[in-house]
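The values are calculated or read from the model by the stated rules, or taken from the named source; none is laboratory data. Everything quoted here is computed from the prediction, not taken from an experiment. Please note: Cβ atoms are built from the backbone with ideal geometry, for glycine as well, and neighbour counts cover all protein chains shown.
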């Protein structure tokens with residue numbers, strides 16, 4: 001045990017002593033916060049779109065459409081502003097030609113304002129068509145709003161022409177049902193923020209485990225390959241047993257990833273507590289309720305140990321990182337499968353395909369974490385946990401023999417050599 005701990009301490013110190021390790025830890029949350037915050041900042045700082053409405057229908061759609069388009073959008077910000085533009089023409093083609101210099105920026109409105117879009121309303125058979133000319137062809141916000149709002153106005157006009165009282169129509173439009181969500185799994189019956197948080201906590205834990213597995217994989221592979229190429233592994237094998245070496249490396253890298261995880265979670269908790277104290281308090285309550293911490297801990301530790309054993313064994317059979325990357329390809333495909341289904345696990349946690357995949361050990365820790373919010377039956381929790389533990393135990397049983405054979409070999413990796421070492425038939 002003392003040799004195992006010394007190997008673990010050596011692995012841990014080799015990484016935490018470096019400046020790059022702490023720099024990467026600190027920069028990662030900054031990148032995540034920037035990735036999340038940048039779209040919000042851009043949305044809030046986006047300029048108001050100046051739109052000119054031209055009505056050729058003769059039915060006064062433009063005066064009624066203008067105030068609807070100019071209503072505040074998300075966050076109370078006015079997204080569209082209807083402006084007057086000195087455009088004239090008797091048909092849509094002439095108006096489009098007159099609008100082109102304003103949309104290209106060659107001409108500006110009074111006061112130097114730019115025109116971002118022109119909406120030309122014109123008759124189209126029994127209805128009304130809208131030609132939307134835009135400065136930015138990738139932005140379809142104006143098209144969507146004009147289409148929805150114009151459809152409401154056209155429907156209103158047709159009902160009035162059919163003899164429906166306008167006052168009655170206004171009263172009907174004002175009618176809206178009061179819909180409240182309830183669930184027997186919700187505290188107090190009514191679905192609220194707590195259930196929302198609980199649903200995303202499981203997904204977050206599954207995604208966090210996925211990140212930890214990838215982080216640990218890179219560290220373990222580089223460590224084993226480096227020590228194998230420098231013959232340090234042979235020296236270690238002469239003074240310590242294979243279980244001690246593998247256990248020490250896995251434990252040391254687990255401490256490294258725990259340090260990374262602790263720093264990231266601390267920064268995330270401080271940011272959340274500062275910006276959303278109520279959400280932070282609710283998150284703590286959810287984690288401390290119904291044994292979720294123990295639930296996540298079992299799958300977190302089991303999943304990490306299962307993959308760490310696999311990556312350590314692969315590293316012992318590889319002479320270079322390039323060779324290891326060719327073997328990691330199939331494993332990365334395997335790891336991508338739970339990420340595809342984890343999002344669906346939040347909405348449909350009891351879907352048959354998810355329940356089946358939860359019983360396959362490589363996917364178990366990720367999908368069972370994502371299904372935590374639905375409260376899967378205890379027999380599934382115990383069964384999948386035991387199956388994952390059995391898989392990890394079998395890995396540890398055969399990995400020791402494979403690790404020793406790979407560490408002492410200088411030949412290139414071959415599948416038959418790996419299989420021979422597992423069954424003890426290698427000469």
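Here is how the numbers come out for the structure above:
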quantity: Subset of the stretch 120-130 [assigned to a strand (DSSP E or B) and either exposed (fewer than 15 other Cβ atoms within 10 Å of the Cβ) or outside the structural domain of residue 84 (by TED's automatic domain parsing) (or both)]; calculated: 123, 124, 127, 129
quantity: The one condition in (1) in the same structural domain as residue 120 (by TED's automatic domain parsing); (2) more than 30 Å from residue 139 (Cβ to Cβ) that residue 52 fails to fulfil; calculated: (2)
quantity: Output for the stretch 19-59, where each listed residue is under 23 Å from residue 135 (Cα atoms) and in contact (Cβ under 8 Å) with a residue 60 or more places away in the chain; calculated: 49, 50, 51, 52, 53, 54, 55, 56
quantity: Criterion violated by residue 412 - all others in (1) modelled with pLDDT under 80; (2) assigned to a helix (DSSP H, G or I); (3) in contact with a helix residue (DSSP H, G or I) (Cβ under 8 Å, 6 or more places away or on another chain) satisfied; calculated: (2)
quantity: Pairs with Cβ under 8 Å, 6+ apart, first in the stretch 107-118 and without any contact (Cβ under 8 Å) to a residue 12 or more places away in the chain, second outside any loop (DSSP other than H, G, I, E, B) and surrounded by fewer than 15 Cβ atoms within 10 Å (Cβ to Cβ); calculated: 107/101
quantity: Given (1) out of contact with any strand residue (DSSP E or B) (no Cβ under 8 Å at 6 or more places or on another chain); (2) modelled with pLDDT under 85; (3) surrounded by 12 or more Cβ atoms within 10 Å (Cβ to Cβ), number of the condition residue 190 does not satisfy; calculated: (1)
quantity: Selection within the stretch 139-169 - more than 22 Å from residue 128 (Cα to Cα) and outside any loop (DSSP other than H, G, I, E, B); calculated: 167, 168
quantity: Odd one out for residue 138 among (1) closer than 23 Å to residue 41 by Cα; (2) in contact with a strand residue (DSSP E or B) (Cβ under 9 Å, 6 or more places away or on another chain); calculated: (2)
quantity: Answer from 238, 266 - the residue that is assigned to a helix (DSSP H, G or I), at pLDDT 80 or above, out of contact with any helix residue (DSSP H, G or I) (no Cβ under 6 Å at 6 or more places or on another chain) and assigned by TED's automatic domain parsing to the domain that holds residue 307; calculated: 266
quantity: Residues of the stretch 279-295 satisfying the condition of being part of a helix (DSSP H, G or I), free of Cβ contacts under 8 Å to residues at least 12 places away in the same chain and more than 21 Å from residue 388 (Cβ to Cβ); calculated: 280, 281, 284
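Table: residues versus (1) farther than 30 Å from residue 224 by Cα; (2) crowded, with 17+ Cβ neighbours inside 10 Å.
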| position | (1), (2) |
| --- | --- |
| 18 | no, no |
| 39 | yes, no |
| 56 | yes, yes |
| 88 | yes, no |
| 106 | yes, no |
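For (1) over 30 Å from residue 299 (Cα atoms); (2) at pLDDT 80 or above; (3) not assigned by TED's automatic domain parsing to the domain that holds residue 334; (4) not in a helix (DSSP H, G or I), each residue gets a yes or a no:
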residue: 176; (1), (2), (3), (4): yes, yes, yes, yes
residue: 196; (1), (2), (3), (4): no, no, no, no
residue: 206; (1), (2), (3), (4): no, yes, no, no
residue: 216; (1), (2), (3), (4): no, no, no, no
residue: 221; (1), (2), (3), (4): no, no, no, no
residue: 233; (1), (2), (3), (4): yes, no, no, no
